[in-house]
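*Asks:* Structure below; questions to follow.
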Amino acid sequence: MRFRGWSTWAAAAMTGALLLGLTSGAAGQRLGTEGGEWRYWGGDEGSSRYSPLDQINADNFENLEVVWRWKAANYGPQPDFIYRATPLKVGDKLFTVAGSRRSVVAIDPATGETLWMWRMRNNPRWEASTRQNYGKGVAYAEVEGRGVVYVITPGYYMAALDAETGVPIPYFGMNGIVDLHLGLGDYPVDADRGILSSGDITSSSAPIVVNGVIVVGNSHDRGYYPRRPENVPGHIRGYDAKTGEMIWKFNVVPDPGEFGHDTWEGDSWKYTGNVSAWAPLSADSELDIVYVTTDTPTNDYYGGDRLGGNLFGTSIIALNAQTGERVWHFQMVHHDIWNYDNPNAPKVLDVMHDGRLVPMVIETTKQGWAYVFDRETGEPVWPIEERSVPQSDTPGERTSPTQPFVTKPAAFELQGVTEDDLIDFTPELRAAALELAGEYRMGPQFNPPSLLNHPDGTNGAFHAPGANGGANIPGGSSIDPDNGILYVASQRGHSVISLVPGGEAQPRLSNLCPDPAVPCASSATYVATGPGGIRGPQGLPLLKPPYGAITAIDLKTGDHLWRIPNGDTPANIKNHRALQGLDIPNTGKNAHATILTTKTLLIYGEGRGQEPILHAVDKMTGEEIGRVELPATTNTAMMSYMHDGRQFIVLAVAGAGVEAELVALALPN
Amino acid sequence: MLAVATALPTSAQEPEVAPPSSTREGVYTVEQAERGEEIMHDVCANCHMDDEFVGTFIKSWAGASVGDLFEEVSTSMPQDRPGSLRPRQYAQVLAYIFQLNGLPPGEVLMSSSIEELREIIIEGSQG
């Protein structure tokens, strides 16, 4: 009997497994968010941005209506115009941040009523912060039965708040606050203002709590033309979720004796900074691993002041959440001089691939590639090959001879710029585009930045995707764990980098160079004049469309399933004088679509500055199912939850002249 | 607009003249460019040096209207606070960019209405 019982159970389990295998082809062990909640910035600890809810579906999507609007504009001295937050939903509350002070708020999920608000008292660290805006949200954990909300402030403090009341937890740090400047390392402090004098460090993302440890990332000011080659590195730290005590630190620029130290020539390890983990973090609490991705070391576009491979710049690092020990790492770009900072929270999911359930972690990038690894071992799921790349001729620069090339999945965005990639709507426009581009060096992926006024007559070098191309934080990526599909929003974009000697750079920044009479150069050997690209003729985009797209990638095979333009052709293309009478297929919008996957739909907004429309498409085909109008344009990925039997979608909107707010949509009652 | 007016001499005493139709015809005032310089260095210089807005920049916008450029900049910049300047401040920034490119100032205040600015075509200072 016992035996039979067992075999019946086993048979049932096997049928279940088979069924799963047959119907979906992917066994999703991680099913995204649970219980109608949204407990992490990315939905769940694996940042799936997936909700298994299906009250809102293909049949009723167009009936969605605005249920409430929550105004963020009054949180902070000026209204915010780019609201980048995604709320959490835990129990009967939403938790998020608002405004340049990064006030933390609890909101009623049914009505939008503010339940409590907390903000850090003003201090010079806030004034000096380079990331007052862009607050993405908070983390939540239960500590000894009590709900706690964690936030990192623009001044780089961490606060722990009681989720019920918003009151700081007295036994956490000092009265609920931990100073994140402390324990970073031996960096000089400006005694008058209490800020680090050797650089800037802050954070715009939430931390993540993994098995009782809060893991804290960071971010810095942009690094196109920093005032100096020195900065503070974005070391990763782990803190006790109850007491706020710092437990470990992982050096993203390794000290002498640490692994990777020899990838920094000379003294560059001593003074180089950045390498921040500004993208949100992800975790696998069963493995007790946190997945951290990093950005470029100081000076985004010139590496002559930091020769070497520069570990752990532009890398994904798997760290043991309890100890901070490195489990594995992979450097996406050696000696990065393209500002290819990792922009997305890594995605964690299990996918049936080659007859085995592979525990994957995926990073979608500005390079236009999705890097797919076995998250236990760091082994690439499809080969990533070191290939030769063009070399720089900028004095003092030494490019890495090779870079890692992802062989599968295929790139989801245009890589490199050749004459073939320039617009060809008409022969005249093409000729004009060629002439404009002719001043700059074209080249394949990893084309190195070059000098303004180069002796050979060129003025800089293209690379694509550029500063605002490929995948990035606003749209990011989402997954469908049921089907093992990755969706990634990307933008077509290139940069043209023109380097000038630091001594000739005169960025007159009011905050850094208060006296316009005093020359304000940079002590870096070379810096870029900026991150932008060049336009095509008559203000048209230089590159061929689509200007923005969503790509669906089947992780079971690594193949692209489909690719759709982001929304419709924008008005400035449709109405452009030079294009009248031409038949131009949908170019999509030049922005990162903001995406969410649910049980039955892929839902997206068109992103920064585009039409205020929310689209629903078929997950398997990319075909549009419906659209509804929004009060304003979306700037960041949305979330969904169930409350009192009603499914909501909440998204942050803001834009030119539109002050930031949260908008909640649901079906009519 | 009044096509004949373009043939008439323009001066400060005759404010009724038709607005200029090309950036070569003095589309902004010196004061606007001065204010624009301050804004550029306070707000935009955090991410852009002036060098980015000369040369190819103006060549690539040539043929489009000032309204097109105004719309682009006012909806997307500054990147961390798009649309946060007032319309007249965006006009001042454009005035400064035109000045950087050697385009002449004039007597007429540059409008901050996209529709009116669509009547002015961008041309570089030479060629």
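*Asks:* Students often forget the sequence filter, so: which aspartates and glutamates lie under 17 Å Cα-Cα from A:LYS556 once same-chain residues fewer than 8 apart are removed?
*Replies:* Counting by Cα, and skipping residues close in sequence, A:LYS556 has these aspartates and glutamates nearby: A:ASP350, A:ASP354, A:GLU363, A:ASP374, A:GLU379, A:ASP480, A:ASP482.
*Asks:* So between A:ASP374 and A:GLU62, what do we pick up on full extension, going 0.36 nm a residue minus the alpha carbon distance?
*Replies:* Stretched out fully, the A:ASP374 to A:GLU62 stretch lengthens by 108.4 nm.
*Asks:* Over chain A, with the other protein chains present, what is the accessible area per residue in square angstrom, probe 1.4 angstrom?
*Replies:* Heavy-atom accessible area per residue stands at 35 Å².
*Asks:* Something else now. Mind checking which aspartates and glutamates have their C-alpha under 17 Å from A:LYS249, skipping anything on the same chain fewer than 8 residues away?
*Replies:* Those aspartates and glutamates meeting the cut-off are A:ASP179, A:ASP186, A:ASP240, A:GLU258, A:ASP288, A:GLU325.
*Asks:* Using helices alone, what [θ] at 222 nm do you get for the protein assembly as shown, with -39,500 (n - 2.57) per DSSP H run of 4 or more residues, divided over all residues and rounded to the nearest 500?
*Replies:* Estimated from H runs of four or more residues: -3500 deg cm²/dmol.
*Asks:* Using alpha-carbon pairs under 8 Å, 6+ residues apart, how would you state the relative contact order of region A:550-633 in percent?
*Replies:* 21
*Asks:* Can you pull out the buried accessible area for chains A and B, both sides counted, probe 1.4 Å, rounded to the nearest 100 Å²?
*Replies:* Chains A and B together bury roughly 2800 Å² of accessible area.
*Asks:* Taking loop as defined by DSSP and a crowding limit of 13 other beta carbons within 10 Å, which chymotrypsin sites (Phe, Trp or Tyr not before Pro) in region A:182-283 fit?
*Replies:* Sites meeting the loop and neighbour criteria: A:PHE259.
*Asks:* Taking one equal scatterer on every alpha-carbon of chain A, how large is log10 of I(q)/I(0) by Debye at q = 0.06, 0.09, 0.12 1/Å?
*Replies:* Once normalised to I(0) and log-transformed, intensities are -0.32, -0.74, -1.37.
*Asks:* How much space per residue, in cubic angstrom, does the convex hull of the C-alpha atoms of region A:247-328 take up?
*Replies:* Spelled out: Cα convex hull of region A:247-328, divided by residues, is 91 Å³.
*Asks:* Could you list, in their original order, any pairs among A:LYS93/A:LYS619; A:LYS544/A:LYS589; A:LYS366/A:LYS589 whose Cα atoms are separated by more than 20 Å?
*Replies:* Check vs 20 Å cut-off fails for A:LYS93/A:LYS619.
*Asks:* While we're looking at this one, here's another question. Given contacts defined as C-alpha pairs under 8 Å and at least six residues apart, what's the relative contact order of region A:10-666, whole-number percent?
*Replies:* So the answer I get is 14 percent.
*Asks:* From Cα coordinates alone, what are the radius of gyration and Dmax values for region B:21-117 in angstrom?
*Replies:* Cα only, region B:21-117: 12.1, 33 Å (Rg, Dmax).
*Asks:* In whole Hz, what ³J(HN,Hα) sequence does region B:37-46 give by Karplus (6.51, -1.76, 1.60; θ = phi - 60°), x for Gly and Pro?
*Replies:* Using θ = phi - 60°, the values come out as 4, 4, 5, 4, 7, 7, 9, 8, 5, 4 Hz.
*Asks:* Could you work out how far the C-alpha centroid of region A:160-225 sits from that of region B:50-105, in angstrom?
*Replies:* Centre-to-centre distance over Cα atoms comes out at 37 Å.
*Asks:* Ok, one more. Name the long-range amide H neighbours of A:PHE172: under 5 Å, sequence gap of 5 or more, or other chain; modelled H, no Pro or chain starts.
*Replies:* Amide H neighbours of A:PHE172, under 5 Å, 5+ apart: none.
*Asks:* Please report, as a whole percent, how much of the solvent-accessible surface of region B:21-117 comes from carbon and sulfur atoms (probe radius 1.4 Å).
*Replies:* Within region B:21-117, the accessible surface is 50 percent carbon and sulfur.
*Asks:* Set the Förster distance to 41 Å, then compute FRET efficiency between A:ASP92 and A:GLU386 from the Cβ-Cβ distance, nearest 0.05.
*Replies:* 0.20
*Asks:* Add +1 for every Lys or Arg and -1 for every Asp or Glu among the other residues with Cβ under 11 Å from the Cβ of A:TRP118, and state the total.
*Replies:* Around A:TRP118, the surrounding residues sum to +3.
*Asks:* Give me, ordered by chain and number, the residues 5 or more places off A:ILE534 or on other chains with an amide H under 5 Å from its own placed amide H.
*Replies:* A:VAL496
*Asks:* So which GluC sites (Glu not before Pro) in region A:573-660 are both in a DSSP loop and have at most 13 other Cβ atoms within 10 Å of their Cβ?
*Replies:* Passing both the DSSP loop test and the Cβ count: A:GLU623.
*Asks:* Say R0 is 35 Å: what FRET efficiency, to the nearest 0.05, do B:SER113 and B:ASP42 get from their beta-carbon distance?
*Replies:* The value I calculate is 0.90.
*Asks:* Please tell me the relative contact order of region B:21-117 in percent, rounded to the nearest whole number, where contacts are Cα pairs under 8 Å and at least six residues apart.
*Replies:* Relative contact order of region B:21-117: 54 percent.
*Asks:* Could you compute the net charge surrounding A:THR399? Neighbours are other residues with a C-beta less than 11 Å from the C-beta of A:THR399; K and R count +1, D and E count -1.
*Replies:* Neighbour charge sum, excluding A:THR399 itself: -2.
*Asks:* Along Cα→Cβ, 7 Å out, is where each label goes; now give me the distance between the ones at A:ASP108 and A:ASP190 in nm to one decimal.
*Replies:* With each label point 7 Å from Cα toward Cβ, the separation is 4.5 nm.
*Asks:* With each pseudo-label sitting 7 Å past Cα toward Cβ, what's the A:GLU629-A:ALA517 distance in nm, one decimal?
*Replies:* Each label point lies 7 Å from its Cα, and together they span 5.6 nm.
*Asks:* Please compute the per residue accessible area over region B:21-117 with all protein chains in place, 1.4 Å probe, rounded to a whole number of Å².
*Replies:* 39
*Asks:* List the residues of region B:25-53 that lose 20 Å² or more of accessible area once all protein chains are present, compared with their chain alone (1.4 Å probe, heavy atoms only, no ligands or nucleic acids).
*Replies:* Those are B:HIS41, B:ASP42, B:ALA45, B:ASN46, B:CYS47, B:MET49, B:ASP51, B:GLU52, which lose 20 Å² or more relative to the chain on its own.
*Asks:* At a 1.4 Å probe, what is the % contribution of carbon and sulfur to the accessible area of region A:10-666?
*Replies:* Carbon plus sulfur share of accessible area: 50 percent.
The values are calculated or read from the model by the stated rules, or taken from the named source; none is laboratory data. The structure presented is a predicted model; accordingly, all values stated were derived computationally and were not measured. Because the Cβ atoms are built from the backbone with ideal geometry, glycine has one as well, and the counts that use them run over all protein chains shown. Just so you know, the surface numbers come from the protein's heavy atoms only, side chains and all, with ligands and any DNA or RNA stripped out. Shrake-Rupley method; radii C 1.70, N 1.55, O 1.52, S 1.80 Å.
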